[in-house]
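*Asks:* Sharing a structure here in structure tokens format.
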Amino acid sequence: MQVRGRTSCRSPARPGAELSVADADFLVVGSGIAGLSFALEAARFGSVAVVTKDRVPEGSSHYAQGGIASVWSPDDSFAAHAADTEEAGAGLCDPETVALVVREGPERVRDMIALGTRFSLRPDAEDAYDVDLGLEGGHSRRRILHALDATGREMMRALLAAVAGHPSIRILEQHVAVDLLVGSKFGVPGPERCWGAYLLDRATGTVETFRARATLLATGGAGKVYLYTSNPDVASGDGVAIAYRAGVPIGNMEFIQFHPTCLYHPLAKSFLISETVRGEGGILRRPDGSTFMSTYDPRAELAPRDIVARAIDHEMKLHGFDNVFLDVSHHDATFLEERFPTILARCRSYGIDPTREPIPVVPAAHYTCGGVVTDRDGRTPLDGLYAAGEVAMTGLHGANRLASNSLLEGLVFGRRAALHAVGFVGERRTDELPELPPWNPGRARDTDESVLISQNWDEIRRFMWNYVGIVRSDHRLQRARVRIDLVLAEIERDYWDFLPTSDLLELRNIATVADLIIASASLRRESRGLHFNLDCPARDDARWKHDTILVRDSVTHRPRPA
Ligand SMILES: Cc1cc2nc3c(=O)[nH]c(=O)nc-3n(C[C@H](O)[C@H](O)[C@H](O)COP(=O)(O)OP(=O)(O)OC[C@H]3O[C@@H](n4cnc5c(N)ncnc54)[C@H](O)[C@@H]3O)c2cc1C
């Protein structure tokens, strides 16, 4: 087992008990902002294992550019931040959750500064708290704390520095959570409960039974379900699929946010051109140089991101463009160098100089608003299982996420889930970890045909992009349904024939998530927030002002309304 940190540790939850290398009080699946926030809090009370399927910083948190929203200036208020969040959420935000997040925001941001995060400061700043506040689309006030255009990287740096060397935290890289250890599946007596997870060790190819008293899913989003995405490769919706297979309700999966502007270049897999570029005067152009945004919305380039993404999608489909362009070349080069150093460096590495020429861009799947349904303590209905960050559906985002609210959500719910989990574990401190069987590979053998996996991967990502993307229709959704049924049947067969690899596990998960998105989008007979269906283009509050909650049917194993 590839373990960084201590290989075993004493469990404060059960004084005197020595936990084995494959046990912990708290198992955290995912090493982004939500997972690490949980880990730091929980580690004050017990042993924590953080498992992550790649190297530690890899995940959306590391790539977050624009910043984190929080009420910070005297001109701002909790009411204003809540109102902006609810306006974006198009009637589906949970007002109590929104109020809680905006209220706790400044405190969590102060924690991050105390931990060593260096946000960009005002020119005359007196200390690390005197920060420069940015403005983003949908926010009525300046409230975006940022670290130039690489905010996530800086926040992750501070979190990782705090986690590294923490005596109660171990990090297991290159370990993929496969499925949860749910008590009833193994005949564990007592109330139903999650006891950890099966983990695939990518180095050895073996699946380990990792037991824990509380488990957090912090696996991030599901952008890889789509052909074009701003998300890193790890964002294959694993946590949603894992929770769904364990019978946990999944909500609002039809609300996928598409970022209007991802760099379009054959070698740039998923590089985002931040919205602040449009905020700072960037102009969208067709390949012939003409502008188009003002024909779609009077706010032109400053319209909300879903309107801009739909406009670009329409232009591309109407004229057959491969991409459009985002132009900032009219700006002073020194200003661009200072404000967008990361974006400029990345564009230049592909031979594009934004100070002199427009940047080729396409919209791309960016943020998964729905996910594992939790309460305001990150708790799922399965005892011992928590979810936080992008994998969760907390009620904060509703039908559309307000820019820069997601890093905030990860901080707030990572900590809240830890506080609850600490209480949960503490109350049950006398419970023995149950004996659980090792992974049963059955008749599985090594796969010698990776083309089977890559074919299904490509197929899902392409039909999801074309049929269940920015603009949907009944006909497109029906086509997607036929295709996902075929692919799911093939995967179900291959999954049991082949020994698990991370590619196979991810394929099974993106297929499950695609199934959930198609089912959710087909159920919602209106257009709202990020879900736009040409056959029912109007919002219908009378019939559809509610969340779409799905569970796995125990007989058909397919999604059905909860
Ligand atoms: C390019 C980009 C820019 C963004 N900019 C902003 C911004 O400016 N402001 C903002 O608020 N939000 C932004 N977002 C969104 C925000 O970054 C994410 O929503 C947030 O960071 C998610 O944090 P997380 O902890 O939930 O997940 P992540 O940071 O994505 O971490 C997920 C972790 O789970 C691990 N994992 C996944 N599956 C498994 C498995 N099966 N087993 C083990 N480990 C697993 C991954 O390896 C990773 O460590 C941006 C997103 C992207 C992609």
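The values are calculated or read from the model by the stated rules, or taken from the named source; none is laboratory data. Model, not experiment: these values are computed from the prediction. Counting neighbours? That spans all protein chains shown, and the Cβs are built from the backbone with ideal geometry, glycine included.
*Asks:* Being within 28 Å of the chain's Cα centre (by Cα) and more than 25 Å from residue 401 (Cα to Cα) is the filter here, so list the residues in the stretch 318-341 that pass it.
*Replies:* 322, 341
*Asks:* Looking at the stretch 377-418, which of the residues that are of a type in the set (D, E, K, R) and assigned to a helix (DSSP H, G or I) is surrounded by the most Cβ atoms within 10 Å (Cβ to Cβ)?
*Replies:* Filtering first and then ranking leaves 390.
*Asks:* May I pose another question? Say we look at the stretch 82-100 and pick out the residues that are part of a loop (DSSP other than H, G, I, E, B) and of a type in the set (A, V, I, L, M); which of these is farthest from residue 395 (Cα to Cα)?
*Replies:* Once the filter is applied, the top-ranked residue is 90.
*Asks:* Give 52, 97 a once-over and let me know the one that is buried (at least 24 other Cβ atoms within 10 Å of the Cβ) and either within 8 Å of the ligand (Cβ to nearest atom) or among the polar types (S, T, N, Q) (or both). Give the steps one after another, and end with the answer.
*Replies:* Working: 97 fails: buried (at least 24 other Cβ atoms within 10 Å of the Cβ).
One residue alone meets the criteria, 52.
*Asks:* Assess whether residue 141 counts as being basic (Lys, Arg) and within 14 Å of the ligand (Cβ to nearest atom).
*Replies:* No.
*Asks:* Do we have residue 298 as touching a residue at least 40 places away in the same chain (Cβ under 8 Å) and in a loop (DSSP other than H, G, I, E, B) here? Spell out how you get there, then give the answer.
*Replies:* Numbers: touching a residue at least 40 places away in the same chain (Cβ under 8 Å): no; in a loop (DSSP other than H, G, I, E, B): yes.
Answer is no for this residue.
*Asks:* Would you mention how many residues in the stretch 123-138 are without any contact (Cβ under 8 Å) to a residue 40 or more places away in the chain, out of contact with any strand residue (DSSP E or B) (no Cβ under 7 Å at 6 or more places or on another chain) and under 30 Å from residue 303 (Cα atoms)?
*Replies:* So the answer is 1.
*Asks:* Which one of 249, 260, 232 is within 20 Å of the chain's Cα centre (by Cα) and closer than 22 Å to residue 37 by Cβ?
*Replies:* Within the list 249, 260, 232, the selection yields 232.
*Asks:* Okay, moving on. Does residue 504 satisfy the criteria of being modelled with pLDDT of 95 or more and within 25 Å of residue 466 (Cα to Cα)? Spell out the reasoning first.
*Replies:* Working: modelled with pLDDT of 95 or more: no; within 25 Å of residue 466 (Cα to Cα): yes.
The answer is no for residue 504.
*Asks:* Return yes when residue 493 is under 19 Å from residue 368 (Cα atoms), part of a helix (DSSP H, G or I) and of a type in the set (D, E, K, R) and no when it is not.
*Replies:* No: the conditions fail for residue 493.
*Asks:* Given the condition surrounded by 14 or more Cβ atoms within 10 Å (Cβ to Cβ), closer than 25 Å to residue 336 by Cα and touching a helix residue (DSSP H, G or I) at 6+ places or on another chain (Cβ under 6 Å), answer yes or no: does some residue in the stretch 108-117 qualify?
*Replies:* Yes, that holds for at least one residue.
*Asks:* Filter the stretch 430-446 for residues that are surrounded by 13 or more Cβ atoms within 10 Å (Cβ to Cβ) and acidic (Asp, Glu) and give the result.
*Replies:* Let us first name the residues in the stretch 430-446 that are surrounded by 13 or more Cβ atoms within 10 Å (Cβ to Cβ), namely 431, 433-434, 436, 439, 441, 444.
Listed by number, the list holds a single entry, 431.
The rows are residues; the columns are (1) closer than 14 Å to residue 272 by Cβ; (2) among the aromatic types (Phe, Trp, Tyr); (3) part of a loop (DSSP other than H, G, I, E, B).
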residue: 231; (1), (2), (3): yes, no, yes
residue: 239; (1), (2), (3): no, no, no
residue: 243; (1), (2), (3): no, no, no
residue: 248; (1), (2), (3): no, no, yes
residue: 258; (1), (2), (3): yes, yes, no
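*Asks:* Only one of 416, 356, 376 is under 24 Å from residue 529 (Cα atoms), more than 10 Å from the ligand (Cβ to nearest atom), over 15 Å from the mean Cα position of the chain (by Cα) and touching a residue at least 12 places away in the same chain (Cβ under 8 Å); which?
*Replies:* Details: 416 fails: under 24 Å from residue 529 (Cα atoms); 356 fails: under 24 Å from residue 529 (Cα atoms).
Answer to the selection: 376.
*Asks:* Okay, next question. Can you find a residue in the stretch 226-246 that is touching a residue at least 24 places away in the same chain (Cβ under 8 Å), more than 12 Å from the ligand (Cβ to nearest atom), among the hydrophobic types (A, V, I, L, M, F, W, C) and crowded, with 24+ Cβ neighbours inside 10 Å?
*Replies:* no
*Asks:* On to the next question. Considering only the stretch 204-225, I want to know if a residue exists there that is part of a loop (DSSP other than H, G, I, E, B), away from the ligand (no atom under 13 Å from the Cβ) and within 29 Å of residue 440 (Cβ to Cβ). Give the steps one after another, and end with the answer.
*Replies:* Our first condition is that a residue be part of a loop (DSSP other than H, G, I, E, B); within the stretch 204-225, this holds for 204-205, 218-222.
So of that shortlist, the ones also away from the ligand (no atom under 13 Å from the Cβ) come out as 204-205.
Filter once more, so that each one left must be within 29 Å of residue 440 (Cβ to Cβ): 204-205.
For the stretch 204-225, residues part of a loop (DSSP other than H, G, I, E, B), away from the ligand (no atom under 13 Å from the Cβ) and within 29 Å of residue 440 (Cβ to Cβ): present.
*Asks:* Also, I was wondering about something else. Quick check on this structure: which one of 141, 108, 103, 153 is of a type outside the set (Gly, Ala, Ser), in contact (Cβ under 8 Å) with a residue 24 or more places away in the chain and outside any helix (DSSP H, G or I)?
*Replies:* Working: 108 fails: outside any helix (DSSP H, G or I); 103 fails: outside any helix (DSSP H, G or I); 153 fails: outside any helix (DSSP H, G or I).
Selected residue: 141, the only one of 141, 108, 103, 153 that is of a type outside the set (Gly, Ala, Ser), in contact (Cβ under 8 Å) with a residue 24 or more places away in the chain and outside any helix (DSSP H, G or I).
*Asks:* Looking at the stretch 173-193 only, could you name the residues that are within 22 Å of the chain's Cα centre (by Cα) and buried (at least 24 other Cβ atoms within 10 Å of the Cβ)? Reasoning before the result, please.
*Replies:* Going through the stretch 173-193, the residues within 22 Å of the chain's Cα centre (by Cα) turn out to be 173-180.
If the condition is that a residue be within 22 Å of the chain's Cα centre (by Cα) and buried (at least 24 other Cβ atoms within 10 Å of the Cβ), then 175, 176, 177, 180 are the ones that fit.
*Asks:* Specify the residue that is nearest to the chain's Cα centre (by Cα); the eligible residues are those in the stretch 272-281 that are surrounded by fewer than 21 Cβ atoms within 10 Å (Cβ to Cβ) and part of a loop (DSSP other than H, G, I, E, B). Working first, answer last.
*Replies:* Within the stretch 272-281, the first condition is being surrounded by fewer than 21 Cβ atoms within 10 Å (Cβ to Cβ), and the residues that meet it are 279-281.
Retained after the next criterion (residues that are part of a loop (DSSP other than H, G, I, E, B)): 280-281.
Working: 280: 26, 281: 28 Å.
The qualifying residue nearest to the chain's Cα centre (by Cα) is 280.
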